[in-house]
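Worksheet for the structure shown next.
The values are calculated or read from the model by the stated rules, or taken from the named source; none is laboratory data. From a predicted model like this one, the values you see are computed outputs, not experimental measurements. Neighbour counts are summed over all protein chains in view; Cβ atoms, including those assigned to glycine, are modelled from backbone coordinates with ideal geometry. Calculation scope for accessible area: heavy atoms of the full protein, side chains included, ligands and nucleic acids excluded. Shrake-Rupley method; radii C 1.70, N 1.55, O 1.52, S 1.80 Å.
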Amino acid sequence: MSVLSPLSRGMLRAVGFSALAIAAVQAAPAWAQSGDLVVNSATAPSSLDPAWACGLPEISFLQNFYVRLVQYGVKEGPEGTKVVDYGTIEPYLADSWTVSEDGKVYTFKLKDGFKFQSGAPIDAAAVKYSFDRVLKMAGCGRFFLTDGFIDPVIIDSVEAPDASTVVITLNRPNANMLVDWATHAGSIVDPAVVEANGGVVEGQPNQFMSSNVTASGPFLLEAYTPNQSARMVANPAFAGEAPASSAIQINWIAAAPTLLLQARTGQADITFGISKQAATTLKDSQDVRVLAYTNPFVQQMMLPNSKAPWDNPKVREAVAHAVPYQQIVDRIAYGYGTLYYGPIPPSLPGFNADLSKPVEFDLDKAKALLAESGVTLPIEVEVLVQEGDATQQQIATVLQSTWADLGINLKIRVAPGAEYQDLTQGHKVQSLMRLDGPGVFEAGYYFGYDVMCNNPNNLTEYCDPAVDELVNKLRATADATERQAILDEITTKWRAAYPKLQFFEDQPVVVLSKAVTDFTFAPLPDYRTWRK
């Protein structure tokens, strides 16, 4: 069933409408209109709620509907394109800000004129509500908003002393906070609409917000059919810089041949998620550009260390040596990948190539390690793969064939986005394939994903208290030399535990039709500057 975004097309002006009343209004399927920029992607978002969203498909889509206090800068990219500069922070809703000498108090002065789609002003009270909501719901957004400091939560309070002033107080200094607040988790939602449709329940998602937006940013969500398509249009009341395209049609296409055909024929202006093999067939085309970018996102297989058989370190080490890494890069990634093994991807600051050399593919060693492990063969293992990710399915198939000779029977289970999200974030799977990377491009933040003990976002479930101490020391250290020494020690300890499999750091490929004149790449795409 298609659903309208809240107050879509001016039909639902009264924010007192109940969720039931809004849900009863159905939109026609979102078909592209002449002149629309058409964007095709392989994987669909599972939630549109900035407080709950975790994965790349969710974040990339929903962030375009919301304004945030600050935003990332932009710098030159390949072939006349641009790339997002995660090292630069610029004003967005905030006109200016100051930081106290102790680094704990941030005071923002807001710009005038910004309004929600409902017409309500985007003021300091709305910012406070949005931040408090993310913290109370305790979903993935909280991890982004707090730089991973959730025990205790680093944000002590968010206050709105007047309509144009926001004061955020921390319980410890942390230089990454502005970068965190530029992420989707810092999106400002309309308090009245949220309260009229479920409000905020501690530790629980909001079902209305999972498929609707309360727009405060450059785009409005005109129509949305989950797992199929959406149409977004420029927000005429947006007080910031208007988006380059007046309307964008997004299609989520899991069928790889269809994704390739529409890229080749120009039916799609911008294509994400195309397989590397398919990309190679387009390289000589005069009608499209195939561009590869670098980013610290990694194709990997999580081996939850608390679950059998992965609770046995020898089994984890064995399967790490039973992966034909170079074959995967050459034949599945078609060269668009960088081999390494460690907790820090090559594109992140702090990466040490000498300490992060790839694991050797050695089946004899894998068999010997399995014998040492004491497990009884054969082992039955299930791996969860997200629907639409052809690369993950291909890698899983290679592992299935390779591991059969070791006595490991790998069953591949494919799940749509929402189910995949629920099962993986709920730690309900034996193992999972994942293209993953940091929402904040800094090693200390990224460690929360697969290094820190008792962190709900740590899907590897790896835990070493000694490493936790090192991470805490890292985040309190400013000296670059000292930081690198700590990072090297963490890398050494982590590698010795073999907590997960890393196939390669991905080089994402984007296909642009010859009609596209402006494009900015980001690992978490922002559509504002795209134009044809």
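Classify region 381-528 as rounded, prolate or oblate, taking a ≥ b ≥ c as the square roots of the eigenvalues of its Cα gyration tensor: rounded when a/c is under 1.5, otherwise prolate if a/b is larger than b/c and oblate if not. Since a/c reaches 1.5 but b/c is at least a/b, the shape of region 381-528 is classed as oblate. Put a dot 7 Å past the Cα of Gln326, heading toward its Cβ, do the same for Lys493, and the two dots end up 3.4 nm apart. Name the lysines eligible as straight-distance cross-link partners of Lys115: C-alpha to C-alpha under 21 Å, and not fewer than 8 places from it in the same chain. Straight-distance partners of Lys115: Lys128.
Taking 0.36 nm per residue of sequence separation and removing the Cα-Cα distance, the Thr397/Ser246 pair yields an extension gain of 50.2 nm. Given their separation in residues at 0.36 nm each and the Cα-Cα distance between them, Asp479 and Asn457 gain 5.1 nm when the chain is fully extended.
Each DSSP beta bridge with both residues in the chain is either parallel or antiparallel, and the antiparallel ones are about 75%. One Cα centroid belongs to region 454-488, the other to region 109-143; the line between them spans 31 Å.
Here the accessible area of region 301-350 is 49 percent carbon and sulfur, with a 1.4 angstrom probe and all protein chains present. Projected label points at Asp132 and Glu159, each 7 Å from Cα along the beta carbon direction, are separated by 1.3 nanometres. Rolling a 1.4 Å probe over the heavy atoms of the protein chains gives the chain an accessible area of 38 Å² per residue. Packing order of peptides 177-186, 302-311, highest average first: 177-186, 302-311 (average count of other Cβ atoms within 10 Å over each peptide's residues). As an equivalent ellipsoid, region 418-458 spans semi-axes of 20, 12, 8 angstrom, where each value is the square root of five times an eigenvalue of the C-alpha gyration tensor, largest first.
What FRET efficiency comes out for the pair Ala404/Lys82, r = Cβ-Cβ distance, R0 = 45 Å, nearest 0.05? Here the calculated transfer efficiency is 0.45. Could you look at region 128-264 and say what percent of its accessible area is carbon and sulfur, using a 1.4 Å probe and all protein chains? The value for region 128-264 is 52 percent carbon and sulfur by accessible area. Give me the net charge for the shell around Asp436: Cβ to Cβ below 14 angstrom, other residues only, Lys and Arg +1, Asp and Glu -1. The answer is -3.
Ignoring ligands, DNA and RNA, what percent of the accessible area of region 355-454 is carbon or sulfur (1.4 Å)?
48 percent
The Rg/Rh ratio for the chain, using Cα coordinates for both the radius of gyration and the Kirkwood hydrodynamic radius, is 0.96.
For the listed residue pairs Lys82/Lys514; Lys307/Lys493; Lys473/Lys500; Lys307/Lys357; Lys307/Lys411, the alpha carbons are over 18 angstrom apart in Lys307/Lys493; Lys473/Lys500; Lys307/Lys357.
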